[in-house]
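Here you go, one structure.
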Amino acid sequence: MTSTGNLSAARKWGTLAICCVASLVLGIDNTVVNLAFPHLVRDMGPSSTQLLWIADAYGFALGGLVIVMGSLGDRYGRKRLLLLGSAGFALASALTAEAPSTGWLIAARALQGVAGATLMPSTLSLVRNAFTDPKERTMAMGIGGGVGAAGFALGPVVGGPLLDHFWWGSVFLINVPVMAVVILSGSFLLVESRNPNPGPIDWRSVPLSCLGVVSTVYALKTAARDGLARPDVWITAVLGLALLAAFALRQRRTAHPLVDLDLLRSRGFSGAIGANTLSIFALAAQSLAASLYFQDVRGYSPMGTGFALLLGPLGAMVTGPLCPVAVQALGRARAVGIGLLLMAGSCFGYLLVGVATDYWVMGAVMFVSGLGIGLVFGISGDTMLASAPKERAGAASAVESTATELGGALGIAVLGSLLTAVYRHRLTLPAGLSEQAASAAHESVGGAVAVAPGLPAPVGHALTTVAQQAYVDGFHAVVAAGGVVLLLGAGLVVRRLRGVPAVIADEDAEPVTSAAADRAAQVPTA
């Protein structure tokens, strides 16, 4: 494993900057596709099923392969994987932008997901290996967490002007020059690191991991979109859980697992994973609901919505660099607990928001939430990586990324379904609606707002009023439920992280003396 202990300050912080840019592109690309949908539908005319695959192919490929890619990075080099992944992401973005058909577009989006799966664990593990000083590492992880949060809000800000002046493919083509900068600068600044004794890849575990995650995420997304009545929801859910159980069992038995599940015995590692998963569970549906609130209730444009949402990431970027100070003053458990409480408090603060509430009320609540996000994701990310051996940083990062993907999908499924159920329950349609208009309004607040201008003025106004109020009621239910989850989870996470030292040096990480290592030592060599 190449040494990174004597890196110059410029090279260390240059590594962080490169990894932040790569993460920022992933975050933007994950949200900007939603803006492109209306333009894409007009130009290519995909069916409803094809449209769903355009939206989901990226996430399925990324979620299914991230564990495998993290393991490959540990074995063959994280710098190599990041550079190859960046080149693949640029190529896939160009293919997406110039797609001549819907099938081509779906395949290109899936290829983007494959490349994205190489970037997520690579960026975290490269930062982990570049920063050997514990305080600097904590600050670096805090900054990275804040930038990652900003990426999701910047999608509309970046995509809006592009779509106003160019064709829909421009939101993907913009990735090409950015990734070219990552490749060029990374070739000179990044230092290669890998596990010096990785062992062979357990290829039998690969399909169990990939198909297990993809099946589970598919079931959650389909349930959130179409409800639990569809048979494929239950079939894929059972299949996914069975495959993941088989994967976990094999990791326990094989001498060279893709993921050493004994890492979960570490209080720091498992507590940090739990904090991230709980947070993303509550935030995923909340973020989507807030975006729709600005567009369908307040009438903001997509770009205006992006700017309106920026106060949340701004809060995260304030507390991210302060993570080392918080850890030294409060300890890891208390600092993460305070972050979760800030997020929970902001959830309940959203209950003050109504149909016509001034923006600054919403903005202040989002900023407070961002302050908590910066603490939680910065400190828990650092704790998770620092608690794992450096040589397994890629696999550890992949576990965190997979947990985040599943937590977000579960949050959308559970809390998104709650939003829909409350909206439909509280919606009282005015008289005089056609069957088509009533169906659109019942489907979503966006549907109600879209059909209202085509109705007689009194009816259209009445429909808009009741639909927007019903949506706000659903929004309140989502944030209240998320707040309760965060409050309950804060107690469990703080208890798990209690005793984890404020300063985790490399020698304090969990040693590779797990059951997997013992089994590997018993394998006879040729």
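The values are calculated or read from the model by the stated rules, or taken from the named source; none is laboratory data. Source: prediction; values computed, not measured. Cβ: placed from backbone, ideal geometry, glycine included. Neighbour counts: every protein chain shown. The area values use the complete protein model at the heavy-atom level, side chains included, leaving out ligands, DNA and RNA. Shrake-Rupley method; radii C 1.70, N 1.55, O 1.52, S 1.80 Å.
Long-range amide H contacts for Arg194: which residues qualify at under 5 Å (H placed 1.01 Å from N, peptide plane, sequence gap of 5 or more or a different chain)?
It is Thr2, by chain and number.
For the chain, what number of Lys pairs, 8 or more residues apart or on separate chains, have alpha-carbon atoms under 17 Å from each other?
5
Something else now. Which of these values of mean projected area of the Cα convex hull in nm² was calculated from the structure shown: [x] 31.2; [y] 24.0; [z] 36.1?
Given [x] 31.2; [y] 24.0; [z] 36.1, the structure-derived one carries the label [y].
With θ taken as phi - 60° and the coefficients 6.51, -1.76 and 1.60, list the Karplus ³J(HN,Hα) couplings across segment 205-217 in order, rounded to whole Hz; mark glycine and proline as x.
7, 4, x, 4, 5, 4, 5, x, 5, 4, 5, 5, 5
Let me ask something else about it. Work from the charge dipole of the chain (Cβ charges, +1 for Lys and Arg, -1 for Asp and Glu, about the Cα centre) and give the residue of Val68, Leu163, Ala99 farthest towards its positive end.
Highest projection toward the positive end goes to Val68.
Additional query: Using a 1.4 Å probe on the protein chains only, how many percent of the accessible area of the chain belongs to carbon and sulfur?
Carbon and sulfur: 68 percent of the exposed surface of the chain.
Can I ask one more? Return one number: the angle in degrees, 0 to 90 and rounded to the nearest 10, between the long axis of the Cα atoms of helix 231-253 and the longest principal axis of the Cα atoms of the chain.
The angle comes out at about 10 degrees.
Work out the FRET efficiency for Leu52 and Leu352 from their Cβ-Cβ distance, taking R0 = 45 Å, and round it to the nearest 0.05.
It comes out at approximately 0.80.
Would you mind getting me the FRET efficiency between Leu492 and Leu264? Use the beta-carbon distance for r and R0 = 25 Å, nearest 0.05.
For Leu492 and Leu264, the calculated efficiency is 0.95.
Can you order the peptides 262-268, 120-126, 183-189, 313-319 by their average number of other Cβ atoms within 10 Å per residue, highest first?
Result, highest mean first: 120-126, 313-319, 262-268, 183-189.
Same structure, new question: Would you kindly state how much longer the chain becomes between Trp167 and Arg252 on full extension, computed as 0.36 nm times their sequence separation minus their alpha carbon distance, in nm to one decimal?
Result for the pair: 25.6 nm of gain on full extension.
Separate question: What list of ³J(HN,Hα) couplings, whole Hz, do you get for segment 106-113 from phi and the Karplus terms 6.51, -1.76, 1.60, once you set θ to phi - 60° and write x for glycine and proline?
My calculation for segment 106-113 gives 4, 5, 5, 5, 5, 5, 4, x Hz in order.
Could you work out how far apart the two model spin labels at Arg80 and Trp104 are, taking each label as a point 7 Å from the Cα in the direction of the beta carbon, and quote it in nm?
With each label point 7 Å from Cα toward Cβ, the separation is 3.3 nm.
According to a simple spin-label model (label point 7 Å from Cα along Cα-to-Cβ), what is the distance in nm between Glu136 and Arg426?
5.1 nm
Another question about this same structure. Give the relative contact order (percent, whole number) for the chain; include only Cα pairs under 8 Å separated by 6+ residues.
So the answer I get is 22 percent.
Which value, in nm² and rounded to one decimal, describes the direction-averaged projected area of the C-alpha convex hull of segment 185-300?
With the hull built on Cα positions only, its mean projection is 12.2 nm².
Might you report the magnitude of the Cβ-based charge dipole of the chain about its Cα centre, with Lys and Arg at +1 and Asp and Glu at -1, to the nearest 20 debye?
It works out to roughly 980 debye.
Let me ask something else. Per-residue counts of other Cβ atoms within 10 Å, averaged by peptide: what ranking do you get for 173-182, 457-466, 90-99, highest first?
In decreasing order of mean packing, 173-182, 457-466, 90-99 become 90-99, 173-182, 457-466.
In nm, give the distance between the simple-model label positions of Val361 and Val181, each being 7 Å from the Cα along the Cα-to-Cβ direction.
Output for this residue pair reads 4.0 nm.
Please give the length that would be gained between Asp226 and Ala245 if that part of the chain were fully extended, namely 0.36 nm times their separation in residues minus their C-alpha to C-alpha distance (nm, one decimal).
Result for the pair: 4.2 nm of gain on full extension.
Rounded if a/c is under 1.5, else prolate if a/b is larger than b/c, else oblate: which is segment 224-274, with a ≥ b ≥ c the root eigenvalues of its Cα gyration tensor?
Oblate, because a/c is 1.5 or more while a/b does not exceed b/c.
Another question, then. Ranked highest first by average number of other Cβ atoms within 10 Å, how do 233-245, 77-89 line up?
77-89, 233-245
Can you compute the helix-only [θ] at 222 nm over the chain? Use -39500 (n - 2.57) per DSSP H run of at least 4 residues, normalise by all residues, nearest 500 deg cm²/dmol.
Result for the chain, helices only: -26500 deg cm²/dmol.
Could you give the length gained on full extension between Phe37 and Trp203, defined as 0.36 nm per residue of separation minus the Cα-Cα distance, in nm?
Net length gain for the segment: 56.0 nm.
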